[in-house]
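Comments concern the structure below.
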Amino acid sequence: MSALAELYQKIEACRDCEELARNRTKVVPGEGAENAQIVFIGEAPGFHEDQQGRPFVGQAGQFLDYLLKSINLTRNDVYICNVIKCRPPENRDPLPIEINNCQKWLNLQIELISPKVIVTLGRYSLAKFFPGESISKVHGKERKKDNTIYYPMYHPAAALHQQSLRQTIEADMQNIPAILARIDEIQEEESKPQQLSMF
Ligand code: URA
């Protein structure tokens, strides 16, 4: 069994959030390529995800599939998961305690997959890596931290509620191929020692 499959078993057995464990149909650990270079992290499973145990399979997921296709990627090329792995009742926002309880799983996933690029989808995912930052200011701008490239985007569901964001999300997605093409260059820039000037 792969390390990721073993991790899924542990996530599926987790009952750290009593209310979420009691109400869930299925846990939604995540899915995709174990050696993916790029990981997309959403917020929390919704109704359809909870039914199927798979991330992003509802309306927002259909839009995510469309966005991936627009840059010639499929779900098999990437890894997709969420900040929390169980559906909050009535799709309420995740609570800080739930995010905190669940972060060990996301951290382990990231450690195992070791992606070069992490795309945060929405404000909860952004807040995990860059607390206090505003998505309206940072979306569509890549940045490096600890030798990983982060690329914040609005959540695909935002396009369903607010038509004006759809174009922004589509345009932000179009920058990803260039980031993937420059991964080595971007990471080298980070590790290259600063040249000391003689003068
Ligand atoms: N929204 C999310 O953030 N994640 C999903 O898996 C589905 C919808």
Here the residues within the stretch 98-126 that are closer than 25 Å to residue 187 by Cα, in a helix (DSSP H, G or I) and either among the aromatic types (Phe, Trp, Tyr) or away from the ligand (no atom under 13 Å from the Cβ) (or both) are 107, 108, 109, 110, 111, 112, 113
Of those in the stretch 26-49 that are more than 9 Å from the ligand (Cβ to nearest atom) and either assigned to a strand (DSSP E or B) or free of Cβ contacts under 8 Å to residues at least 40 places away in the same chain (or both), the residue surrounded by the fewest Cβ atoms within 10 Å (Cβ to Cβ) is 26
Restricting the stretch 7-25 to residues that are surrounded by 14 or more Cβ atoms within 10 Å (Cβ to Cβ) and among the polar types (S, T, N, Q), the one farthest from residue 179 (Cα to Cα) turns out to be 23
Within the stretch 152-176, of all residues that are among the hydroxyl-bearing types (Ser, Thr, Tyr) and away from the ligand (no atom under 16 Å from the Cβ), the one modelled with the highest pLDDT is 168
Of 127, 171, 157, the only residue that is among the hydrophobic types (A, V, I, L, M, F, W, C), surrounded by fewer than 20 Cβ atoms within 10 Å (Cβ to Cβ) and within 19 Å of residue 80 (Cα to Cα) is 127
I'd like to check something: does the stretch 64-75 contain any residue that is within 9 Å of the ligand (Cβ to nearest atom), buried (at least 21 other Cβ atoms within 10 Å of the Cβ) and closer than 18 Å to residue 102 by Cβ?
no
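The values are calculated or read from the model by the stated rules, or taken from the named source; none is laboratory data. Just so it is clear, the structure is predicted and the values come from calculations on it, not from any experiment. Cβ: placed from backbone, ideal geometry, glycine included. Neighbour counts: every protein chain shown.
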